[in-house]
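The structure appears right after this line, and notes come after that.
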Amino acid sequence: MSEQSTNWQGAIASSNDERHGQTHIQLRIPKQFHQEPIISNLITQYDLTVNITAALLSANAREDGWFDLELYGTTQQINSALVYLNDLNLEIWRDSDPQVENW
């Protein structure tokens, strides 16, 4: 019976990670990363939908780029993507109240 109980608890933990939601972040991408596909990686590696709501990036790439992004996906996908951005030591500002859809 304990094996069955463990499987049931695991299913609940998994279902929490599968809830869909969105979060809004502001991201500074330093000029040394301008040739890296950082936003593209959020889509391809983390299976997110990314909406760029605002951006500042100079044509000559002499300055840092600034992006306002809306990230859509499961809680796990969004959290993994934020870890990826953090691991790159990028400056990230995140809304304090991410929206989660309960479906």
Checklist entry - So how many residues does the range 32-55 have that are more than 20 Å from residue 89 (Cβ to Cβ) and in a helix (DSSP H, G or I)? => result 2
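Yes/no matrix, rows are residues, columns are (1) at pLDDT below 95; (2) of a type outside the set (Lys, Arg):
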residue: 25; (1), (2): no, yes
residue: 39; (1), (2): no, yes
residue: 42; (1), (2): no, yes
residue: 57; (1), (2): yes, yes
residue: 62; (1), (2): yes, no
Checklist outcome for this item: Taking the range 64-90 and keeping residues acidic (Asp, Glu) and modelled with pLDDT under 95 leaves 64
Checklist entry - Of the residues in the range 25-56, how many are without any contact (Cβ under 8 Å) to a residue 40 or more places away in the chain and surrounded by 14 or more Cβ atoms within 10 Å (Cβ to Cβ)? => result 7
Checklist outcome for this item: Scanning the range 53-75 for residues that are of a type outside the set (D, E, K, R), in contact with a strand residue (DSSP E or B) (Cβ under 7 Å, 6 or more places away or on another chain) and more than 12 Å from residue 29 (Cβ to Cβ) gives 53, 54, 71, 72, 73, 74, 75
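The values are calculated or read from the model by the stated rules, or taken from the named source; none is laboratory data. As the structure is a computational prediction, the values presented were derived from the model and not from experiment. Reconstructed Cβ throughout: ideal geometry from the backbone, glycine too, with neighbour counts over all protein chains shown.
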